[in-house]
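The values are calculated or read from the model by the stated rules, or taken from the named source; none is laboratory data. Source: prediction; values computed, not measured. Cβ: placed from backbone, ideal geometry, glycine included. Neighbour counts: every protein chain shown.
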Amino acid sequence: MLGAAFLGIETFDQLYIVLGVTAAIGPFLVAMAFIAFQAWQRTKDREAERERFEIEADLKGKMIERGMSADEIARVLSVRLPDDQPPRRT
């Protein structure tokens, strides 16, 4: 068996064992990778949401310090950035 020689497989029985173990473990590993990616994505989404909240809170504080009315603050905050544009801190 020339093709399987690099794996140290000398007989078809060993080849079937390797293929069986791979078939049994492969889907589990793919599922675990998918779950890990989803958890990472949720973490990144929460971080972005927290950052937007902090920026908005900072902006509100600055507008209050300037003496802006509640209506003016509400008007400024009603304008939203597109989701694909990251907020800028100055």
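Descriptive notes on the structure:
- Enumeration of residues in the range 66-80 that are closer than 11 Å to residue 56 by Cα and charged (D, E, K, R): 80
- Residue check, residue 66 at pLDDT 90 or above, charged (D, E, K, R) and surrounded by fewer than 10 Cβ atoms within 10 Å (Cβ to Cβ): yes
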